[in-house]
Amino acid sequence: MKHLKKIAASALALSLAATSMAYAGGAKIGMITTLSGGGSGLGIDVRDGFMLAINQSDNKDVEVVIEDDARKPELAVQIADKMIQSEKVDILTGIIWSNLAMAVIPSATAQGKFYLSPNAGPSPLAGKGCHPNYFNVAWQNDNLHEAMGAYANSVGYKNSYILAPNYPAGKDALTGYKRFYEGDLAGEVYTKLGATDYAAEIAQIRASGADSVFFFLPGGMGIAFMKQYAASGVDIPVLGPAFSFDQGILGAVGDAALGVKNSSQWSKDLDNEANKAFVASFQEAYGRLPSLYASQGFDTANLILSALEGADVKDADAFRAALKVAEFDSVRGDFRFGNNQHPIQNIYVREVVKEGDVLTNKIVGLGLEQHQDAYAQECGM
């Protein structure tokens with residue numbers, strides 16, 4: 001069966017390649033992302049990675065309209081409606097937060113628009129709520145956390161204290177960790193989304209008897225937690241996904257993050273030509289190292305561009321097929337979608353290190369190999 005699928009995929013790729021010789025079309029893309037307030041660094045990185053790929057392309061017929069959702073679901077919905085109904089975009093992308101994704105994506109796809117996620121991957125949209133016009137180019141929310149659960153087992157942790165914000169991605173995070181982690185839980189806590197004071201949680205951790213702490217607190221939440229945790233003197237080892245130890249966060253956290261293990265499907269030291277070129281060109285364009293979010297924005301744009309080389313975005317069936325083949329040079333190396341149009345990919349274990357004066361990550365192991373999310377079996381596609 002796998003052999004037949006490979007043959008079918010190869011035939012489709014050849015067909016699309018042949019078409020692209022005569023067609024390289026344009027599209028109007030609406031990017032809704034977080035550019036102000038809490039978590040704006042994530043949206044800025046997605047935008048900058050995305051626009052780097054657009055600017056490097058030879059396609060002059062791609063127009064990108066960018067608006068700030070300020071991390072507010074109601075504003076994201078208003079922007080999406082305006083982009084679809086007034087600005088006539090063909091494709092939507094950009095949303096960072098899963099609660100905003102759940103507010104926007106089902107409506108957008110129901111109106112016949114394509115949505116490509118460069119970040120948020122809520123579980124309902126990977127399973128029963130999957131849709132032919134919805135592609136996730138990053139991961140399903142549980143994936144990086146599942147890898148850390150597997151890593152905790154491998155190093156012998158038996159009593160983890162786990163915490164995350166109380167919103168869809170936070171719930172997916174702890175569900176993912178528990179799916180692979182085989183030990184006991186010293187505590188399981190959901191914090192307020194956007195919280196910056198973690199004194200109560202750190203006191204609970206100190207008294208819990210935990211042998212490890214796993215947390216998912218993206219953006220400024222993770223910065224606040226790590227600074228307060230380091231100042232508290234609690235020395236229980238910390239684990240997390242890349243979101244809490246990514247490039248934009250490490251500079252703010254400082255040396256308190258050194259040695260922390262975290263999981264990611266991407267790292268700047270992944271040894272492939274596309275990634276080397278991306279890291280160098282991002283640094284040249286923006287004067288900083290790229291983050292996980294920047295890599296996801298870059299891949300999302302290049303996937304769209306590759307599909308436009310083979311199909312007219314107005315021909316939904318052809319464009320959908322071109323997206324699914326994913327004939328582009330991903331910074332992750334080989335890239336492929338599962339049946340629910342979420343990636344099947346390696347999840348790596350990274351360690352926070354210092355290179356000169358710069359805190360960054362290096363790959364130290366493989367958490368999960370060619371991993372598919374747990375919800376794909378619920379998707380009818």
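What follows draws every value from the coordinates through simple rules; no lab data is involved. Keep in mind that this is a model prediction, so the values were computed, not measured. Ideal geometry is used to build each Cβ from the backbone, glycine not excepted, and the neighbour counts take in all protein chains shown.
At-a-glance table
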| read-out | value |
| --- | --- |
| When the convex hull of its Cα atoms is projected in every direction, mean area for the chain (nm²) | 17.9 nm² |
| Pairwise label distance in nanometres, residue 159 with residue 190, each label 7 Å out on the Cα-Cβ vector | 2.6 nm |
| Kirkwood Rh, Cα atoms: Rg over Rh of region 218-345 | 1.08 |
| Cross-link pairs beyond the 22 Å C-alpha cut-off, checked among 113/324; 158/362; 192/354; 178/261; 72/171 | 158/362; 192/354 |
| Cubic angstrom per residue, convex hull over Cα atoms of region 17-155 | 153 Å³ |
| Axial C-alpha extent at least 15 Å, average Kyte-Doolittle at least 0.0 - helices from the chain (DSSP) | 2-20, 40-56, 73-85, 98-110, 220-232, 292-310 |
| Spherically averaged projected area of region 307-381 from its Cα convex hull (nm²) | 7.3 nm² |
| Mean ellipticity per residue at 222 nm, deg cm²/dmol - from DSSP H runs of n ≥ 4 across the chain, formula -39500 (n - 2.57) | -13500 deg cm²/dmol |
| Distance between modelled label sites at residue 283 and residue 203, nm, 7 Å Cα→Cβ extension | 4.5 nm |
| Rough spin-label spacing in nm, given labels placed 7 Å along Cα→Cβ, for residue 344 and residue 316 | 2.7 nm |
| Residue (of 62, 94, 108) at the positive-pole extreme of region 43-110, dipole from beta-carbon charges | 108 |
| Most fluctuating residue given options 86, 57, 123, as computed from a GNM of the chain linking Cα atoms under 10 Å | 86 |
| Ascending count of other beta-carbon atoms within 10 Å, so fewest first, for 276, 227 | 276, 227 |
